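Student: Starting off with a structure, shown below.
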Amino acid sequence: MKREMIYKRFERFWHWSQAVLIFFLMFTGFEIHGSYQALGFGPAARLHGLAAYALIGLWILAIFWHLTTGEWRQYLPTTDRLGAVVHYYLIGTFTGAEHPFRQTTQAKHNPLQRLAYLSFKLLISPAIWISGLLYLFYNQWPVWLQDSISLGSVALVHTAAAFAMLIFVIAHVYMATMGKTLFSLVKPMITGYEETQEKRAFENHPPSR
């Protein structure tokens, strides 16, 4: 068996901290939206704001880490083996086929993951953060902004982005269970290590960036 470190300690801390905060933000956010009642509107709103600030701080730290370590390149999109990966998720995983992609330190995310994560970072995240901060600081809006944007439209964008986030999380969790065993794809994000029988040729030729 070959054992290779894939995810560094900070990556694992960032991933799981982000997951906890996102789940908590969805829990409190949908209560604020009126979907159910658990904590009460006031406590939910206060905790939602605190969790949002915590996630913003975590993301700033993660962006700094990715830029200084060069790990931002892991999210550059590629079409190399994209068709094979899509075929695996649609058909191969149900027929016992082997995953066409193997994680390495140079290529941690398969081509489909890269596209999904890039969409998350460039579309969903900006929409939810810009609308959320506008909603939070509504009382400090300048007159020209209040005349051009309604609070209702900001709330609508924020809610739509929250549902998009929920869909992304559900898809992410589901696809994380599509390995050889239920938790084989999750284990490296816990231990940091990927175990393989031997190096494949593909490992020596990671996706082009």
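The values are calculated or read from the model by the stated rules, or taken from the named source; none is laboratory data. Note that this is a predicted model, so its numbers are computed, not measured. Cβ atoms come from the backbone with ideal geometry, glycine included; neighbour counts cover every protein chain shown. These accessible areas exclude ligands, DNA and RNA; they are computed on the full protein's heavy atoms, side chains included. Shrake-Rupley method; radii C 1.70, N 1.55, O 1.52, S 1.80 Å.
Student: Exactly one of (1) of a type outside the set (Ser, Thr, Tyr); (2) touching a residue at least 60 places away in the same chain (Cβ under 8 Å); (3) outside any helix (DSSP H, G or I); (4) in contact with a helix residue (DSSP H, G or I) (Cβ under 6 Å, 6 or more places away or on another chain) is unmet by Leu185. Its number?
Tutor: For Leu185, the exception is condition (2).
Student: Taking the stated definitions as given, is Gly70 out of contact with any Cys (no Cβ under 7 Å at 6 or more places or on another chain) and at pLDDT below 85?
Tutor: no
Student: In the stretch 4-17, is there at least one residue being touching a strand residue (DSSP E or B) at 6+ places or on another chain (Cβ under 7 Å), within 18 Å of Gly179 (Cα to Cα), open to solvent by 70 Å² or more (accessible area, probe 1.4 Å) and not basic (Lys, Arg)?
Tutor: Scanning the stretch 4-17, I find no residue that is touching a strand residue (DSSP E or B) at 6+ places or on another chain (Cβ under 7 Å), within 18 Å of Gly179 (Cα to Cα), open to solvent by 70 Å² or more (accessible area, probe 1.4 Å) and not basic (Lys, Arg), so the answer is no.
Student: I'm told Ile91 meets every condition in (1) closer than 30 Å to Leu50 by Cβ; (2) among the hydrophobic types (A, V, I, L, M, F, W, C); (3) open to solvent by 50 Å² or more (accessible area, probe 1.4 Å) except one. Can you identify the failing condition by its number?
Tutor: All conditions are met except number (1).
Student: Can I ask one more? Which count do you get for residues in the stretch 89-116 that are under 29 Å from His66 (Cα atoms) and out of contact with any strand residue (DSSP E or B) (no Cβ under 6 Å at 6 or more places or on another chain)?
Tutor: 18
Student: Next up: Filtering the stretch 55-86 down to residues that are in contact (Cβ under 8 Å) with a residue 12 or more places away in the chain and assigned to a loop (DSSP other than H, G, I, E, B), which residue is least open to solvent (accessible area, probe 1.4 Å)?
Tutor: Applying the filter and picking the extreme gives Thr78.
Student: While we're here: Please work out if Leu25 is part of a helix (DSSP H, G or I) and closer than 17 Å to His172 by Cβ.
Tutor: yes
Student: Restricting attention to the stretch 37-54, which residues are in a helix (DSSP H, G or I) and either small (Gly, Ala, Ser) or modelled with pLDDT under 85 (or both)?
Tutor: Gly42, Ala44, Ala45, Gly49, Ala51, Ala52, Ala54 - these are the residues of the stretch 37-54 that are in a helix (DSSP H, G or I) and either small (Gly, Ala, Ser) or modelled with pLDDT under 85 (or both).
Student: All but one of (1) touching a residue at least 60 places away in the same chain (Cβ under 8 Å); (2) basic (Lys, Arg); (3) not in a loop (DSSP other than H, G, I, E, B) hold for Lys121; state the number of the condition that does not hold.
Tutor: Condition not satisfied by Lys121: (1).
Student: For the condition open to solvent by less than 70 Å² (accessible area, probe 1.4 Å) and farther than 30 Å from Leu90 by Cα, what is the one hit in Leu166, Leu156, Leu136, Leu151?
Tutor: Selected residue: Leu151, the only one of Leu166, Leu156, Leu136, Leu151 that is open to solvent by less than 70 Å² (accessible area, probe 1.4 Å) and farther than 30 Å from Leu90 by Cα.
Student: Looking only at the stretch 169-180, which residues are open to solvent by less than 80 Å² (accessible area, probe 1.4 Å) and either in contact with a Phe, Trp or Tyr (Cβ under 6 Å, 6 or more places away or on another chain) or assigned to a helix (DSSP H, G or I) (or both)?
Tutor: Val169, Ala171, His172, Val173, Met175, Ala176
Student: Looking at the stretch 32-50, can you tell me whether even one residue there is in contact with a Leu (Cβ under 7 Å, 6 or more places away or on another chain), of a type outside the set (A, V, I, L, M, F, W, C) and either under 29 Å from Lys2 (Cα atoms) or open to solvent by 50 Å² or more (accessible area, probe 1.4 Å) (or both)?
Tutor: no
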